[in-house]
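The values are calculated or read from the model by the stated rules, or taken from the named source; none is laboratory data. All of these numbers come straight from a predicted model, not from anything done at the bench. Cβ atoms come from the backbone with ideal geometry, glycine included; neighbour counts cover every protein chain shown.
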């Protein structure tokens, strides 16, 4: 069962505070800058794959098999200086470097957009904190004023009580004195 909120009618500010992505929404239009076309997405995925343990282990296994097949004479398509293997590594490096740079550029653009959104979020939090401090200061001054008025009313009440007591004694003494004379 879902717990019921204490305030069933949310205010616009409380509804907005629950939308955690509201600071990122202005940056949605930047998605095309990151390159949402097929090639850019595949290139970035491929560049990300270069840094995985699966790629490193797979490449190590492939190179070991390549060298083993040629050294032990199972096949002779790339003998000892392994010129074809060096060519394959050069080709891989020629494509890997630009793909990695592409991925880094795209990630830098995303990081900048997120940093901008986070800065806006921090500014909104600071503004909300400042508003709460101002409200607390106003409420504190109002409380001080109310306490001062309460103190004044208490003093007036005490003076009136003392006056009532004095008048009551005076009326009592008059009544007692009149009853003795009668």
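For the reader, a short list of remarks on this structure follows.
- Candidates 135, 102, 125 - the one that is in a helix (DSSP H, G or I) and under 14 Å from the mean Cα position of the chain (by Cα): 125
- Filter pass, residue 159 being in a helix (DSSP H, G or I) and more than 34 Å from the chain's Cα centre (by Cα): yes
- Some residue of the stretch 52-64 being surrounded by 10 or more Cβ atoms within 10 Å (Cβ to Cβ), within 30 Å of residue 111 (Cα to Cα) and under 31 Å from the mean Cα position of the chain (by Cα): yes
- Residue, nearest to residue 46 (Cα to Cα), within the stretch 79-109, restricted to residues that are at pLDDT 90 or above and in contact with a helix residue (DSSP H, G or I) (Cβ under 8 Å, 6 or more places away or on another chain): 85
- Check on residue 150, part of a helix (DSSP H, G or I) and under 30 Å from residue 42 (Cα atoms): no
- Condition check for residue 48: modelled with pLDDT of 70 or more, under 30 Å from the mean Cα position of the chain (by Cα), surrounded by 10 or more Cβ atoms within 10 Å (Cβ to Cβ) and not in a helix (DSSP H, G or I): no
- Flag for residue 33 being at pLDDT 70 or above, part of a helix (DSSP H, G or I) and surrounded by 11 or more Cβ atoms within 10 Å (Cβ to Cβ): no
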